[in-house]
Amino acid sequence: MANSKELFDRRRRRNRTQLRKVSSGRPRLSVHRTLQQIYVQVIDDAAGKTIASASSLEKDLRGKLKGGNKEAAAAIGKLIAERAIKAGVKEVAFDRGGYKYHGRVKALADAAREGGLSF
């Protein structure tokens, strides 16, 4: 029986393989979450640069958000959409890493779509 780390790594590899097939030069919207916080970046893999980033640790959001819950994830999703569009990115490939697409990850993705990003 595989432990949770092995399952996470398997999901991550499977997700990255699909991203390489589908992305076709689009920047990658990469999500990282911990028990307390959520972080997101728009990354241009061809240039190896981060275009935009947001997290629940930012000073202007820290007082408004309460930890790493769904509401915080939705706020971060809207923020990253604004920053990405301001940087000239409208289409991204969603990289959820090894995290399941539900809960906070889904809330972040839905908010980013509402903010104007298309994946």
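The values are calculated or read from the model by the stated rules, or taken from the named source; none is laboratory data. Given the structure is predicted, the values throughout are model-derived calculations rather than measurements. For neighbour counting, all protein chains shown are included, and Cβ atoms are generated from backbone atoms with ideal geometry for every residue, glycine included. Accessible surface is based on the protein model in full, side chains and every heavy atom, while ligands, DNA and RNA are left aside. Shrake-Rupley method; radii C 1.70, N 1.55, O 1.52, S 1.80 Å.
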From the list 89, 40, 22, which residue is in a loop (DSSP other than H, G, I, E, B), in contact with a strand residue (DSSP E or B) (Cβ under 8 Å, 6 or more places away or on another chain) and either under 19 Å from residue 117 (Cα atoms) or among the hydroxyl-bearing types (Ser, Thr, Tyr) (or both)? 89
Going by what's in this entry, would residue 28 be described as among the basic types (Lys, Arg) and open to solvent by less than 50 Å² (accessible area, probe 1.4 Å)? yes
Region 92-119 - residue that is open to solvent by 30 Å² or more (accessible area, probe 1.4 Å) and in a helix (DSSP H, G or I) and, of those, nearest to residue 49 (Cα to Cα): 113
If you check residue 78 against the conditions, is it part of a loop (DSSP other than H, G, I, E, B) and at pLDDT 90 or above? no
Residues of region 62-74 being at pLDDT 85 or above and open to solvent by less than 60 Å² (accessible area, probe 1.4 Å), in sequence order, are 69, 72, 73, 74
